[in-house]
Each structure stands twice: as C-alpha cells, then as structure tokens.
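A.B. asks: Below is a structure I'd like to ask you about.
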Amino acid sequence: MSLRSFIGCAVLSCFIVPPSYATDISTLQTRAAAATSQEQISRVLKDLNEYLHESAENNSGLFLKARLLEKTGQASEAEAIYQQLIEQNPQVPEPYNNLARLKVAAGDLDGAQALLEKAIRSNPSFATVYDNLSQIYVAMARDSYGKAIRLETPEQPI
C-alpha cells in the first residue's frame, strides 16, 4: 500500500466514523451549556443517550442527562437518575443537591432538607449545599411564621 493510499484511507475514515463515537463527555457538556432552545437540548440529549449506550456507567454523563431532562420538563426521569447516582456514589454531594432542588420545586421542603443534610455529611466542604440548606431553613421559617399568624386569635379578656 502506497503512502498516498494510506493517507487517503485515513482521511476517508475520519468522515465515516459516526458522530456518537467521535463525541466525548466534555464535548457533550460544552454543547449542553451552549444549548438555548428545546431543539438543541433534545439533540444533545439524543447524542448523550448514544454516548451512554457505549458508556452506561459514566457518572458525568448520567449527571448531564439528568440536568438536561430537568430542562425539558422531565423531572421524574431526572429524579430517578439522581437517585441512582446517589446510590452508586453516596460521597458525591452534587446529586443530593440537584435532587433537593427538584424536591423544593415539588413543594417537599422536608425532603429537600434531608437530602441537603446528607450532602453535607458526604462532603462538608461543598459550599453550595450550605447556601441551599439555609434557603430551605428560611422558607420553612417563613411557612411556620405564616401558620402562626393565621392561628393567632385576638386576645381574650381575662
């Protein structure tokens, strides 16, 4: 085989390789961050699913998929992936944090609080979790104060 034939085959093979094999997780993360429309997000999600088909246990890929599912309004699917990530890697705080965000959106402050407290135990140096937990405490205090005001009755003479 001549050098010219070899180079020709090498160049041609670059065009034959399907995009799913040429894509790595960092490229998918970049594309996801740049995606602004539902159509773009759906395309990234499609490519990510192909990537995960080849690399199913890739935690970064699964985390990205959950975030994209959230953006497309598929919260229950995202929740299942975050739960899976927590079970596989209980020492990583990010899935706890994102799952807590979904709990807050669903109105489950107690569930969100429990998740964030677990995240702190898994990694006490993750500042975002402390910030989010403080916001949960503020929301719970606001709810309690509102209930107290509604229950308050005019003072009765003695």
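The values are calculated or read from the model by the stated rules, or taken from the named source; none is laboratory data. No experiment lies behind these values; they were computed from the predicted model shown. Neighbour counts run over all protein chains shown; Cβ positions are idealised from the backbone, glycine included. Side chains are part of the model used for accessible areas, which takes the heavy atoms of the whole protein and leaves out ligands, DNA and RNA. Shrake-Rupley method; radii C 1.70, N 1.55, O 1.52, S 1.80 Å.
A.B. asks: Give me the residue from the range 104-129 that is outside any helix (DSSP H, G or I) and of a type in the set (S, T, N, Q) and, out of that set, surrounded by the fewest Cβ atoms within 10 Å (Cβ to Cβ).
C.D. replies: My answer is Ser125.
So that you can scan it fast, the table gives a plain yes or no per residue for (1) touching a helix residue (DSSP H, G or I) at 6+ places or on another chain (Cβ under 6 Å); (2) of a type outside the set (A, V, I, L, M); (3) modelled with pLDDT of 95 or more:
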{"residue": "Glu117", "(1), (2), (3)": "no, yes, yes"}
{"residue": "Ser134", "(1), (2), (3)": "no, yes, yes"}
{"residue": "Val138", "(1), (2), (3)": "no, no, yes"}
{"residue": "Ser144", "(1), (2), (3)": "no, yes, no"}
{"residue": "Ala148", "(1), (2), (3)": "no, no, no"}
{"residue": "Thr153", "(1), (2), (3)": "no, yes, no"}
{"residue": "Gln156", "(1), (2), (3)": "no, yes, no"}
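A.B. asks: Also: Scan the range 95-103 and give yes if some residue there is at pLDDT 95 or above and open to solvent by 80 Å² or more (accessible area, probe 1.4 Å), otherwise no.
C.D. replies: yes
A.B. asks: Just to be sure I understand, how many residues within the range 26-54 are among the β-branched types (Val, Ile, Thr) and within 19 Å of Gln74 (Cα to Cα)?
C.D. replies: 3
A.B. asks: Right, Gln91: among the polar types (S, T, N, Q), surrounded by 11 or more Cβ atoms within 10 Å (Cβ to Cβ) and free of Cβ contacts under 8 Å to residues at least 60 places away in the same chain or not?
C.D. replies: No, not satisfied.
A.B. asks: Name the single residue that is modelled with the lowest pLDDT among those in the range 1-35 being assigned to a loop (DSSP other than H, G, I, E, B) and farther than 16 Å from Leu64 by Cβ.
C.D. replies: Val17
A.B. asks: Report yes if Gln83 is under 30 Å from Val44 (Cα atoms) and among the polar types (S, T, N, Q), otherwise no.
C.D. replies: yes
A.B. asks: Just to be sure I understand, how many residues within the range 50-75 are small (Gly, Ala, Ser) and under 12 Å from the mean Cα position of the chain (by Cα)?
C.D. replies: 4
A.B. asks: State whether one or more residues within the range 98-106 are among the basic types (Lys, Arg) and over 21 Å from Gln29 (Cα atoms).
C.D. replies: Yes: one or more hits.
A.B. asks: Ok, one more. In the range 54-80, what count of residues is obtained for those that are assigned to a helix (DSSP H, G or I) and touching a residue at least 24 places away in the same chain (Cβ under 8 Å)?
C.D. replies: Count: 14.
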